[in-house]
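Notes to accompany the following structure.
The values are calculated or read from the model by the stated rules, or taken from the named source; none is laboratory data. Note that the structure is predicted; figures quoted are calculated from it, not measured. As a convention, Cβ positions derive from the backbone with ideal geometry for all residues, glycine included, and neighbour counts pool all protein chains shown. Heads up: the accessible areas ignore ligands, DNA and RNA and are worked out on the full protein's heavy atoms, side chains in. Shrake-Rupley method; radii C 1.70, N 1.55, O 1.52, S 1.80 Å.
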Amino acid sequence: MNSRRNFLQKLAASVIAFPLLSPEAISSMEYADTKTDDGPPLRVAIMGLGSYGTRVAEAMKDCKRARLTGVVSGTPAKITNWQTKYNIPEKNCYSYETFDTIKDNPEIDVVYVTTPNGLHHDNVIRAAKAGKHVICEKPMALNAKEGQEMVDACKKANVKLLVGYRMHFEPKTLEIIRMRKDGELGKILFFQGLSGFTIGDPTQWRLNKALSGGGSMMDIGIYSINGARYMIGEEPIWVTAEETKTNPQKFKPGVDETIQFQLGFPSGAVASCLSTYNMNNLDRFFLNAEKGFAELQPATGYGPIKGRTNKGELTQPHITHQTVQMDEMAGIILDGKQPVVPVDGEEGVRDLKKIDAIYKSVSTGKRVELR
Ligand code: NDP
C-alpha cells in the first residue's frame with residue numbers, strides 16, 4: 001500500500017486514541033518515526049526550496065522508505081507554505097543562519113542539498129559537520145578539487161555523501177547496462193550523447209559563473225559525460241573539446257553556451273557529445289557495439305524515458321525518477337545497499353574531473369590526458 005496513505009490511516013486512528021493532541025503534533029510524531037514495510041524511514045530535510053527541491057518533495061509523497069521531515073530555506077514564506085503542504089513541524093525548519101543546529105535534531109537523518117551549484121561545497125560540508133548524511137544535487141561542486149574536499153569532509157564526519165544521479169536508478173537505462181554487462185551487445189565501440197535546451201532568463205543563477213561554475217556543461221552536459229561513462233562502462237583516458245559561442249551578451253566569459261567534446265576510453269571506444277544552452281530537443285544517447293546498439297531518446301528528462309535496442313523497444317515501466325531514487329538512497333544510507341551504478345561522492349568527483357579537463361581542452365585547444 002502507498003506509504004502515505006498507510007500513514008494517513010494511522011493518523012486517523014491516533015486522533016481517536018489521543019484526542020487531546022493536535023493532529024499536527026501527532027502527525028509530526030508519527031510520520032517521522034513510523035517504521036515502513038522495509039524498515040526504518042530515511043528522514044530527509046530539503047535545503048533550497050526551489051524548482052528541483054519541490055519536485056523531490058512531491059515525488060517523496062509516494063516513497064515507501066523516504067520521508068520529508070524538515071526544510072532549510074532563506075525564504076520564510078516558502079517555509080510556511082511547505083509546513084502546511086508537507087506537514088513539517090516548526091522545530092524541523094531552519095534558515096541558512098540557524099542550519100548548523102540541525103545537529104541536535106534526531107528527526108532528520110539526511111540533508112538533501114538542492115541549492116545553486118556554487119553553494120553545494122559549503123552546504124554539504126556544513127551538513128556533514130552537523131553529523132547528517134548528505135545528498136547533493138548535480139553537479140556536486142564547481143570543480144574536482146571542491147568535490148574531493150566534500151568527500152573528505154563527509155568521510156571525516158563519518159556520514160554518507162550521495163549525488164542526485166536519478167538516471168542511475170532508471171529501469172530502461174539499467175536494462176541497457178545489464179545487456180552490456182552480460183555481453184549481449186558485444187564489444188562497445190561508440191557512444192553519442194546530446195544534451196541541451198534553450199535557456200531563458202539571462203539573469204538566472206545558471207548564467208552567473210559564481211553560482212553555476214560555468215554554463216551548459218555544468219548543468220546539462222554533465223548528463224552526457226555521466227551517460228558516456230555508464231553506457232560504455234569505462235573511465236575515459238583523454239578528452240578533446242571545442243566551444244561555440246553565438247551570443248556573447250547572454251553567455252559571458254566563463255559561461256559556456258555550446259561545447260562539443262570527445263572522450264577516449266581504454267578499450268578503444270570513443271564518445272562524441274554535445275552540450276548546449278542554445279538548442280532544444282537535444283536529449284539523446286546512442287550506443288554502438290559489435291553485436292548491436294542501444295538508443296535512449298529522451299535519455300535523461302523526467303520521463304517517460306524511451307528507448308530501443310537491436311532486439312526491440314524497451315518496455316520497462318516508468319516510475320517517477322525521484323521517488324525511486326529516494327527509496328533506493330534510503331536503502332543505500334540505512335542498509336548499506338550497493339547500487340548498480342555508483343551514486344557516491346567519488347562518482348560525483350569522477351564527472352567533475354572530466355568537466356575540468358573539458359574546460360582545459362577548450363581553453364588550450366589541446367587534448368587532455370586523464371590518466
Ligand atoms: P532554483 O533556482 O529553482 O532553486 C534553488 C533554490 O536554492 C532557491 O529557490 C533558493 O531556495 C535556494 N538558494 C539559496 N541561495 C540562493 C541564491 N543565491 N540564488 C538562488 N537560489 C538560492 O534551482 P533548481 O531547483 O533548478 O536547481 C537547484 C540544484 O538542483 C542545482 O544544482 C541543479 O543543477 C540541480 N538540478 C538537478 C536536476 C536533476 O534532474 N537532478 C534538475 C534540476 C536541477 P530558498 O528560497 O528556499 O533558500
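Among the residues in region 117-130, are any closer than 29 Å to V349 by Cβ, basic (K, R) and either within 11 Å of the ligand (Cβ to nearest atom) or out of contact with any Gly (no Cβ under 8 Å at 6 or more places or on another chain) (or both)? The answer is yes; a qualifying residue exists.
For every residue, the table says whether it meets (1) under 16 Å from K138 (Cα atoms); (2) at pLDDT 95 or above; (3) part of a loop (DSSP other than H, G, I, E, B); (4) within 16 Å of the ligand (Cβ to nearest atom).
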residue: G186; (1), (2), (3), (4): no, yes, yes, no
residue: F190; (1), (2), (3), (4): no, yes, no, no
residue: S195; (1), (2), (3), (4): yes, yes, no, yes
residue: T198; (1), (2), (3), (4): no, yes, yes, yes
residue: D201; (1), (2), (3), (4): no, yes, yes, yes
residue: D219; (1), (2), (3), (4): yes, yes, no, yes
residue: I222; (1), (2), (3), (4): yes, yes, no, yes
residue: G227; (1), (2), (3), (4): yes, yes, no, yes
residue: E234; (1), (2), (3), (4): no, yes, yes, no
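Selection of region 59-104 for residues being assigned to a helix (DSSP H, G or I), closer than 23 Å to C154 by Cα and open to solvent by less than 50 Å² (accessible area, probe 1.4 Å) yields N92, F99, I102.
Of everything listed in (1) in a loop (DSSP other than H, G, I, E, B); (2) open to solvent by 60 Å² or more (accessible area, probe 1.4 Å), the single unmet condition for L334 is (1).
Considering only region 158-165, I want to know if a residue exists there that is among the basic types (K, R) and over 19 Å from the mean Cα position of the chain (by Cα). The answer is no; no qualifying residue exists. One residue stands out in region 34-61 among those that are over 18 Å from the mean Cα position of the chain (by Cα) and over 21 Å from P89 (Cβ atoms): the one that is modelled with the highest pLDDT, namely G39. Please go through region 290-306 and pick out each residue that is open to solvent by less than 10 Å² (accessible area, probe 1.4 Å) and outside any loop (DSSP other than H, G, I, E, B). Of everything in region 290-306, those that are open to solvent by less than 10 Å² (accessible area, probe 1.4 Å) and outside any loop (DSSP other than H, G, I, E, B) turn out to be A294, L296. Whether a residue is open to solvent by 10 Å² or more (accessible area, probe 1.4 Å) and over 18 Å from Y165 (Cα atoms) was assessed, and E107 passes this test. Restricting the search to region 275-289, which residues are within 23 Å of I199 (Cβ to Cβ), open to solvent by 10 Å² or more (accessible area, probe 1.4 Å) and under 22 Å from the mean Cα position of the chain (by Cα)? If the condition is that a residue be within 23 Å of I199 (Cβ to Cβ), open to solvent by 10 Å² or more (accessible area, probe 1.4 Å) and under 22 Å from the mean Cα position of the chain (by Cα), then N280, N281, L282, D283, R284 are the ones that fit.
Restricted to region 238-274, and to residues there that are among the aromatic types (F, W, Y) and more than 23 Å from L211 (Cα to Cα), the residue that is surrounded by the fewest Cβ atoms within 10 Å (Cβ to Cβ) is W238. The conditions of being among the hydrophobic types (A, V, I, L, M, F, W, C), assigned to a helix (DSSP H, G or I) and touching a residue at least 12 places away in the same chain (Cβ under 8 Å) are met by I177.
Quick grid of which residues meet (1) outside any helix (DSSP H, G or I); (2) open to solvent by 10 Å² or more (accessible area, probe 1.4 Å); (3) in contact with a helix residue (DSSP H, G or I) (Cβ under 6 Å, 6 or more places away or on another chain); (4) among the hydrophobic types (A, V, I, L, M, F, W, C):
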| site | (1), (2), (3), (4) |
| --- | --- |
| G118 | no, yes, yes, no |
| A127 | no, no, no, yes |
| V134 | yes, no, yes, yes |
| M140 | yes, no, yes, yes |
| E146 | no, yes, yes, no |
| C154 | no, no, yes, yes |
| H168 | no, no, no, no |
